[in-house]
Structures are given as structure tokens and as C-alpha cells.
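Read the figures in this text as sums done on the coordinates, not as results from a lab. Because the structure is a prediction, the values reported are computed rather than measured. All Cβ positions, glycine included, derive from the backbone under ideal geometry; neighbour counts span all protein chains shown.
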Amino acid sequence: MIPAITRIFGKSGLMVLPLLLGLLFFAASLTPSLIPRDSLLQGGLGGLVMALGYLLGRGLVSLWRLMELPALRRRMAVTIQAACAVPVLLLVAICLGKAGQWQDSIRSRMGMEPVDSLNTLQMLLLALAIFCVLVLLGYSLQWVFDRIRNRLDRFMPRRTANVIGFLVTLLLVLFVTRDGVLDRMITSIDKSYRVGQALFDTAPPRPTDPMVVGAEGSLVEWGAMGQPGRDFVTLGPDAGDISAFTGREALRPIRVYVGLAQADTPEERAKIALAELIRLGGFDREILIVAMPTGTGWLDPGSHDPVEYMHNGDIATVAAQYSYLQSPLALILDTRSGLDQAKALVSSVHTYWRNLPAESRPRLYIHGLSLGAWSSMHGTDLFALLDDPIDGAFWAGPPFPSTLWQIIVAERNQDSPYVMPTIGDGRLVRFASHIQGAGGPDGWGRDMRLMFLQYPSDPIVFYEPASLFRPPTWMNEPPAEDVSPSLIFIPVVTQFQLAVDMAVAGSAPPGYGHAYYAHDYIGPWVAVTAPANWTQADTARLIAHCDVGFELGCEND
């Protein structure tokens, strides 16, 4: 038997142990994470981590040889490989059989229909194709490295040639990805989103109402706003909509939005936004919100429409765009733009606001969703506000790099869970989700109210870079209601599972993952802004209005 195995494996250019490690990674990738995966997504993830496991195995073998450790005899090596292959293949078969059940353990908690099983053949073929492509890419880099070091070997010692050859290969990869292929891809993606926003010549006719941003007399160019900005300033509820809901005479909410194409710098866009806000009388309203959009410039109507109903339209909101990219891409590739824009906008509005008479100026709040939450947190310098603080802030789905969020969560009460912490007695900071309410407008301190809305199944919030080698903090606690009890930590693999989860987090059903929606915004807005004479019955009516009144715009984008 051993000679037969030797003929199969021993003379092959493919080392079996690295391949078995790759198969172990593939099997591990079938376990559940935070967001449900279909066959195509699972196949892509499986092929990626399988190639990664194979690469890691090849690296360990190369390290063994580099250290000049004794090599196993051929017969013994084949025996060990054959002995390892049986349990690995058995584990892969078991995991394939349980893959559908594992995915259902997430879907059932998110109110989704169960799937009988994944399309195993489709998944395996895709995983194999991606594995082969990535391995061929690895061999191509190996070929480049060998050519370089062999040439250098003519002029210098072998070890020196190896080191320099590796460094040159690494520089070539960095050059191609950062200054070649990757840069062109980013530029192309950004351009495609920009074209999709219908700027300037392709923009629809501008509004005729002089109180709408972009109309004649406005300081903001209609064509420079882009589709997200135009939707924001034109599709919200008007005075008639709000009056029909409240039964009282209402004001039309003021919405100011400055597009990325309006000006070249964040400071210029902030200056124009402030001037337009002043022109429209935004500082004469009861409530003023400085909002930062998501990466593409989108502002969730499910958040902004309800708070306008709560305050009978006596409210103004100002926002400025900083990117055309989807938030996951902007988070990785274009983080500085959002941070700079938020700092410029918040500073401009707050500086003007603080110089107004305290008894007549509006209550000032900061708001953002996703990347907008991160950037607006960065732009809200709480230390600079100590002498004249804002009235509060409401951040939804804060991305994991958010420094302020990290600092606050680190100060949580030790008996509270990481995914839904309590901070002290809740007089300054509160957390809410679909499984925990915001606590209402009572019980706060005097000056400022900070509110976070986050779902335990949101990987944008709970991804941790260190999950490459240790479990994220929240994995050391009992799973939340919307997290699969079968989720386990697996070094390296969990990192890539969560990375894929981040990319598709918005595809989860409303109220899970990164799909935030109106029902869960309403309670926090009530708690933070304390609308006058508001009751629990009003909250229930507004939630019902969001359920049946799609003109409210509460559906998630």
C-alpha cells in the first residue's frame, strides 16, 4: 500500500500536508459567523481560506528546510501524510453535511426562511476554482522570486541574494497593487459611483421651491449634490405630512446638503453648508442636527424622517458629502476624507451656534450612521465642547475603529455584556438595540446625552483585527439573541469570516447585521431629544406609521 501512496503523492509537485491544512481551513470556513452565507459566498470564502491554509503550510515547510532541520525519510513522510489525510477528509465531509444546519442557526434568529441545504456542488466548484487561481498566483510570485535571486546569486552570497530577492519581489507587489492595479480599480470604482449619482449635466431639473436646497437663490449647486443629496432634501416629509400625523400645525423641516463636487476642500464645503443653513433659518428652529452621511453620501430616511415627525417639523439638519464609495470600501480606502469633512462641518456649525444667545438658539445634536457615525464622532471633540457642550449625539452602527466608541465600551460596567454595555448609571451614555430599549428621556444628566444604536450581529461594529489569532471580546461571552450558538473561534479563519461578514453586512434583514431601520431609531431619538409632551402612545403610532406609510421613507436603503 505504501508504494502506491508514494506513487500518488510522493512524486507529485504538490505537498500533501499543506494541502491538508488548506482543507482544514476550508472545513472551518463552513462554520457559522454573524451573517448568513449562500452557496456562492461560502464557496468564495472557502476557496480563499483554503488557499491561505495551503500557503501557510508551504511556508512552514519552507521554514523547516531553511532552518536545515532533519528531513523525514520519504517512506515515513508518506505514511504520516496518509495517516493525516483520513481524519481531515472525514472532518471535511462532516462539516459539509452540517453546513446548511449551521447557516439555518443564523437565519432562524433573523426571521429568515431556513434552507434545506447549500448547493454543495456549486460551492465546491467555486471554492476549487478560487483556490487554483490563488495558488497559481502564489506560484507566479515564487517564479519571480526565483528568477531574481538566481540572477543576484551570481554576484553575492546565496543567503544575501535570497533576502534581497524577497525584498525586491515584495516591492514589485506593492508597486503593482498600490500604484498600478489597485489604484486603477479604486479610481474606476469611485468614478462609477460618481457617474451613478447623476452630477451636473445628467442631474434632473432643480426644484422651484426657494426653501429647498439647490433651488434658485440657493448657495448650493443642484447638479453638484448627487442623487443621495437630492433625495435627502426633496423626499422627506413636508409640513402637511407632519401635520396629518400630529394633528397640529407643523413646519416644513429644513434640510441642507452639500455635495462632494460642490468644492475642493472639506473647509469650503463646510463654509457653504453653514451659509445655506443660516440663509434658510436653520438656527431659528427648536432642533438642529449635524449629520454625516455614509460613504456614498446617503442619509437614512428611517432615521431622519421620524425625528422630524417627533418635533412637528421644527427642526433643521445639515450634512456634507465626503466620498462616492460604498461604506465598506470607503472605510478601507478613503477614511481620511470623512474624518476631515466631519471635523470641518461640526466645528463650523458649533462655532456659529455657541455665539448665539443660549436662551434662543436651537438644541444641537450630532448624528451619523456607519461610516458617518465614525466620522462624526471624530469631528465631535468633546473636550473642546466642555465650556459650551452640545445637547447630545446619536450614533448608529459605529465602525470598529471608532476611538470614542472603543474608549466608552472599555469603561462599561463589568456585569454588562460587551455587545450591549451599560456605562455607570446611564446619565451620560446609553446603548440601545432591537433587543434593548433606549430607556426614555428621563434619568439623564443636565448637559449632554450620548446614545449608541448597535446590533450584536453587526460585524461592522464588532470586527476585531486581533481575531486573526485570538477570539474577539464578545466571543468570550454567551451569544446574543441574534447570534448563532454554533459560532466558535478558529484562528485565522474567523478573521476572514468576519471580513466577509462586513462586506455583506447590509444584506441582512432589517434589524440585524448592519441593516438599521426606523423602529430602532425611534426610541433613541425620543430618549436623546426629549420631544415635548411625547408619550409611549406617540411612539407606538410613529412605529405603526413607519410600517404602513412608505411615504415616510422609513424603509432601509
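Here's how it looks for residue 432: its modeled amide H is under 5 Å from those of 452, 453, 454, which are all 5 or more places away or on a different chain. When the alpha carbon coordinates of region 282-441 are projected onto the principal axes, the ranges are 43, 38, 31 Å, largest first.
Could you tally the net charge around residue 361, taking each other residue with its Cβ under 14 Å from the Cβ of residue 361, Lys/Arg +1 and Asp/Glu -1? Value of the local net charge: -3.
For region 250-310, which semi-axes, largest first and in whole Å, follow from the square roots of 5 times the eigenvalues of its Cα gyration tensor?
21, 16, 8
The 3J(HN,Hα) values that the Karplus relation (6.51, -1.76, 1.60; θ = phi - 60°) gives for region 338-346 are, in residue order, x, 5, 5, 5, 5, 4, 5, 5, 4 Hz. Gly and Pro appear as x. Temperature 37 °C, viscosity 0.692 mPa s: under these conditions the Stokes-Einstein estimate for region 461-529, based on its Kirkwood radius over C-alpha pairs, is 240 µm² per second.
Here's how it looks for residue 393: its modeled amide H is under 5 Å from those of 366, 449, 450, 451, which are all 5 or more places away or on a different chain. The Rg/Rh ratio of region 23-66, with Rg taken over Cα atoms and Rh as the Kirkwood radius over Cα pairs, comes to 1.14. For region 422-557, the Kirkwood hydrodynamic radius comes to 16.8 Å, computed from all pairs of different C-alpha atoms.
Each peptide in 225-236, 395-406 gets a packing score, the mean of other Cβ atoms within 10 Å over its residues, and the list from highest to lowest is 225-236, 395-406. Residue by residue, region 424-433 carries 3J(HN,Hα) couplings of x, 9, x, 7, 10, 10, 9, 10, 9, 7 Hz when phi is fed to the Karplus relation 6.51 cos²θ - 1.76 cosθ + 1.60 (θ = phi - 60°); x denotes Gly or Pro.
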